[in-house]
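The values are calculated or read from the model by the stated rules, or taken from the named source; none is laboratory data. Predicted, not measured: the structure shown is a model, and the values here were computed from it. Cβ coordinates were reconstructed from backbone atoms using ideal geometry, including for glycine residues, and neighbour counts include every protein chain displayed.
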Amino acid sequence: MEVARDRSYRSLDYLKKSAATSRVLNLWQIAQTEEGKAEYQESPFFRNSLLNRCILLKHRVRGGETDLFDFPVQTATKILLPIAERELRYGARFLFVGQRNFEEVAAESFGEDLQIGARDRQVLDIISGLPSLDPFLMRESLKSNGFTPAACYFNLSDGDLERMFNSARQELEPLVRISFGEANASGVKAATLLNKILSDAGSTDLEPLRRVMNMDPPQFREGVFCWKAFLYYKWQLQDLLPRIRQVLDEIAVVRPLGAIDHDDKIYIARVKGDLRSWIFAALGAVTEALAVYDNAYAALTKQSDPASFRDFLLRAPAMFLSLGERLSGVEHVASFWRFRFPQRQMLRIGVDELVDIFMDFEVSLNTVSLEPAA
């Protein structure tokens, strides 16, 4: 069986510019910019050269795709294989992880590299099991399983960087005063510093900050990566809160069309309350964890205590798994519900589909530990 041709994308070029980091891992684009660099060659994401140029998507399975699976799924990890080496506009072949005959199709395309137990298969299974492709969640999940791909695979998309920049610029101004002096504590300087933190931890422009933090260069690069993660999660929480509130309001009032049996009626009534409780608990735990970051940052900017902030950043990766999983679980509920019910559209849905959606949401949220993240 051959890998299928993807005809749903009129152009894949948009992935270069607008791909949401939490939904897309664009290994093809990374290859265009990083190929030839030592770190890229020595620490690939996948060792199979074709697989290491694919585009991985967390994909919402549509009606015409459900027959590809032996069981109902709402989302799946989609592997896109661009047809042309240097152009996306010619389209891509694709397969879904877990689709019917996946082993056969994968063997035809990737040989032994995706056999069960092979190194690349282990990496793919870890990524496929994650609720999102959040780069910080990916890195820590892979690292905890003994895999350390090059740092270039965990950069944020331009779209996410722009949105984070607008969210975090004001927060950086007190740090500019400490690192560069009161005379440089302007919005422009804060913007410059934030750009460097988000995109280039090795820049010499950050040397004053590195000295304030009392970190050697490798520590500083790791610390900035962790710092960027908290800026990302703070922005993600701010973006998610108003959307999930609206979705929960709609979930509370949705009523399925047609006849409904007793068991489904009891289940729907119960799960509506459970979803609200789980979501509030997850977001509460995220808020508490981010407050730990805020307190450590305040120790640096208000109490001139860089050691506390430095120590916090160096132990912070342990928090990424719980933060990323919680936010991704809630994001899945918000984004899939809005995908199914665009705004200002009537909430018209059959009972079987509504039960399937709620069961998928339960899996998305119920697999997330609700113990404190910090």
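Below, the figures for the structure above:
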{"read-out": "Pick from the range 14-32, criterion part of a helix (DSSP H, G or I) and farther than 19 Å from L95 by Cβ, ranking: modelled with the lowest pLDDT", "value": "S18"}
{"read-out": "Options D264, D294: the member that is assigned to a helix (DSSP H, G or I), more than 22 Å from the chain's Cα centre (by Cα) and not aromatic (F, W, Y)", "value": "D264"}
{"read-out": "Residue match in the range 305-315 (condition: modelled with pLDDT under 90 and under 26 Å from P242 (Cβ atoms))", "value": "no"}
{"read-out": "Residue in the range 218-236 that is assigned to a helix (DSSP H, G or I), on the phi < 0 side of the Ramachandran plot and surrounded by fewer than 12 Cβ atoms within 10 Å (Cβ to Cβ) present", "value": "yes"}
{"read-out": "Residue ID - nearest to P317 (Cα to Cα), chosen from residues in the range 241-250 that are touching a helix residue (DSSP H, G or I) at 6+ places or on another chain (Cβ under 6 Å) and of a type outside the set (D, E, K, R)", "value": "I244"}
{"read-out": "Output for the range 132-182, where each listed residue is surrounded by 21 or more Cβ atoms within 10 Å (Cβ to Cβ), at pLDDT below 80 and of a type outside the set (A, V, I, L, M, F, W, C)", "value": "S157, S179"}
{"read-out": "Single residue of the range 338-363 satisfying the filter (of a type in the set (D, E, K, R) and in a helix (DSSP H, G or I)) that is nearest to G273 (Cα to Cα)", "value": "E362"}
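Residue-wise test of (1) surrounded by fewer than 21 Cβ atoms within 10 Å (Cβ to Cβ); (2) acidic (D, E); (3) assigned by TED's automatic domain parsing to the domain that holds L137.
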position: S277; (1), (2), (3): yes, no, no
position: G284; (1), (2), (3): yes, no, no
position: E288; (1), (2), (3): yes, yes, no
position: A296; (1), (2), (3): yes, no, no
position: A299; (1), (2), (3): yes, no, no
position: G324; (1), (2), (3): no, no, no
